[in-house]
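Have a look at the structure below before the remarks.
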Amino acid sequence: MEQYLVSDNALYFEGKYLPLSLIESVSIHDSTYNPHGCCGRGIPVKKLKIEYGSDKPLILMVEKDKNAQRLAEMIMRQGT
């Protein structure tokens, strides 16, 4: 779930990348991940909403709050 990398130039996710220069903002939201669809109890997760000028933002799921905070900070620090 938390297999994202940030380099000096890009955010890497799911075999793709997003140049940091395109990222406008990053926000963190509470959410629930349901591994078995709609039924059963969900796992609390954090979702990073990354705005980068597209019609739809990029949404990344992160299990731990501290990891979500760290990832958001890395993205914004490298992108400036």
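The values are calculated or read from the model by the stated rules, or taken from the named source; none is laboratory data. If you're wondering where the values come from, they're calculated on a predicted model, not measured in any experiment. Cβ sites come from the backbone with ideal geometry, for glycine too, and all protein chains shown count toward neighbours. The area values use the complete protein model at the heavy-atom level, side chains included, leaving out ligands, DNA and RNA. Shrake-Rupley method; radii C 1.70, N 1.55, O 1.52, S 1.80 Å.
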Sulfur and carbon atoms: percent of accessible area, the chain [1.4 Å]: 48 percent
Give the Cα extents of the chain along the principal axes, in whole Å, largest first. 41, 27, 22
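Looking at the stretch 13-68, which GluC sites (Glu not before Pro) are DSSP coil and have at most 15 other C-beta atoms within 10 Å of their C-beta? Let's see the in-between values first.
On the way: sites: GLU14, GLU24, GLU51, GLU63; in loops: GLU14, GLU24, GLU63.
Those satisfying the criteria are GLU14, GLU24, GLU63.
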On a 0 to 90° scale, report how tilted helix 65-79 is relative to the longest principal axis of the chain, with both axes built from alpha carbons and the result rounded to the nearest 10. 20 degrees
